[in-house]
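The values are calculated or read from the model by the stated rules, or taken from the named source; none is laboratory data. Everything numeric in this text was worked out from a predicted model, so none of it was measured. When we count neighbours, we look across all protein chains shown, and the Cβ atoms used for this are built from the backbone with ideal geometry, even at glycine.
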Amino acid sequence: MLMPAHLSCPAEAGRVSHLASCRLDGVFLQTIADVLQVLQFSKESKGSKMAGIKEVAEEAGVSTATVSRALRGFHHVNDATRAKIMAAAEKLNYPITPIQNKSALGRTNSIGVVAPYISRWYFAQVISGAEQALREAGFDLLLYNFSQMKGRERLFQHQLLKGRVDALVVISLPPTEEEFDSMLNLGIPVSLVGMHHQSCSSVAIDDVAAARTATQHLVNQGHKKIGLMSGHPDDPFNFSVPQDRRKGFMQVLAESGLEWVPSREVHGDFTMSTASRAMDDLLARPNRPTAVFCESDEMAFGAMQAARRHGLKVPDDISIIGFDGHEMAEYSDLTTIEQPVQLMGEMAAWSIMERLRKPNAEPHSLVLPTTLVVRNSTRRLSPNEA
């Protein structure tokens with residue numbers, strides 16, 4: 001069942017679409033299809049793909065290799081064929097700037113992607129989405145990954161990106177103002193994923209609203225003693241996501257007149273192993289919660305593992321809700337907030353390619369919807385249990 005999360009849903013079963021309306025330059029877009037149209041590609045039917053090199057080749061009546069050579073500015077493509085390919089690309093809204101001599105324009109045909117982690121599920125999914133879109137458009141992806149602050153300083157302060165990439169995608173890594181200045185001084189388009197800045201295009205979700213939806217689901221199920229598994233408060237990268245999701249959680253508790261007990265919060269650090277240990281700690285404390293909101297699915301998996309170790313059944317003895325839409329959530333029967341992670345990477349890539357095609361275009365901010373997916377890791381309490 002699909003319905004806006006801000007409407008009442010007595011049964012709260014299945015999938016509840018949280019239309020934290022997609023926002024683009026102040027315009028409210030009610031579906032992802034609208035967003036795709038704004039970024040100049042669409043899906044004709046469920047499962048269909050955006051126009052790519054193959055579609056351009058078919059439209060122009062040439063091979064995909066010829067299309068790639070023409071759009072990337074390589075030689076050995078005659079003027080008539082190149083013109084036919086450019087016309088086909090324009091007809092299909094294929095967002096690549098025709099470059100007849102990319103070396104003369106200083107182009108590398110590479111897009112840099114900066115991420116603090118690559119092994120964690122969220123970052124891997126965003127990178128996968130971006131890579132797919134870039135590859136389809138004939139761009140190379142250069143991945144800059146660092147897990148320590150020294151690597152971050154080296155990347156931003158020493159301008160290692162200068163001259164190496166045509167544009168930059170930064171994933172959920174809030175740069176300081178100094179780092180923003182360093183990036184903008186590169187003179188290339190910058191797109192952000194999971195955060196916003198007035199000087200850059202961005203693609204994100206509304207973490208506060210989505211966390212409110214998750215918490216409200218537990219409240220609607222009759223839970224009053226609700227625990228929180230959040231990120232680490234001393235995170236060196238200063239991620240905004242944990243704070244935003246905690247903010248949404250606390251708002252709903254306050255609005256529902258529920259007492260917040262600080263001892264019901266533990267820090268799972270967004271990993272399964274740390275979350276499992278944190279859940280051990282939470283369950284060992286007196287007056288344990290009847291439900292726990294985990295700020296990521298991986299933390300929820302760890303919490304469920306710890307609950308089993310303690311002889312507790314989910315959801316009979318404790319309800320657990322996650323956040324992300326991890327592919328293992330379905331197999332774990334986990335109730336979760338699903339976010340379009342791969343699509344965020346694709347959107348960031350297409351947005352940055354559009355900026356390359358139209359350098360003077362204003363950066364835009366895009367907010368994608370999330371979905372409450374109700375499974376069997378949460379249940380309604382009886383009046384006696386509450």
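Would you confirm whether any residue within segment 303-324 is buried (at least 16 other Cβ atoms within 10 Å of the Cβ), more than 20 Å from residue 276 (Cβ to Cβ), in contact (Cβ under 8 Å) with a residue 40 or more places away in the chain and in contact with a His (Cβ under 8 Å, 6 or more places away or on another chain)? No, segment 303-324 contains no residue that is buried (at least 16 other Cβ atoms within 10 Å of the Cβ), more than 20 Å from residue 276 (Cβ to Cβ), in contact (Cβ under 8 Å) with a residue 40 or more places away in the chain and in contact with a His (Cβ under 8 Å, 6 or more places away or on another chain). Residue count for segment 257-287 satisfying the condition of being touching a residue at least 40 places away in the same chain (Cβ under 8 Å), more than 25 Å from the chain's Cα centre (by Cα) and in a loop (DSSP other than H, G, I, E, B): 1. One residue stands out among those in segment 325-341 that are assigned to a helix (DSSP H, G or I) and in contact with a Phe, Trp or Tyr (Cβ under 9 Å, 6 or more places away or on another chain): the one that is surrounded by the fewest Cβ atoms within 10 Å (Cβ to Cβ), which is 327.
Please tell me if residue 371 is among the β-branched types (Val, Ile, Thr) and either modelled with pLDDT under 95 or within 16 Å of residue 292 (Cβ to Cβ) (or both). So that I can check it myself, show each step before the final result.
Details: among the β-branched types (Val, Ile, Thr): yes; either modelled with pLDDT under 95 or within 16 Å of residue 292 (Cβ to Cβ) (or both): no.
Judged against the criteria, residue 371 is not a match.
Of the residues screened, residue 320 is not one that is among the β-branched types (Val, Ile, Thr) and not in a strand (DSSP E or B). Looking only at residues in segment 359-386 that are in a strand (DSSP E or B) and polar (S, T, N, Q), which one is surrounded by the most Cβ atoms within 10 Å (Cβ to Cβ)? Among residues in segment 359-386 that are in a strand (DSSP E or B) and polar (S, T, N, Q), the one surrounded by the most Cβ atoms within 10 Å (Cβ to Cβ) is 370. Would you be able to say whether some residue in segment 347-358 is modelled with pLDDT of 95 or more, in a helix (DSSP H, G or I) and within 21 Å of residue 217 (Cβ to Cβ)? No.
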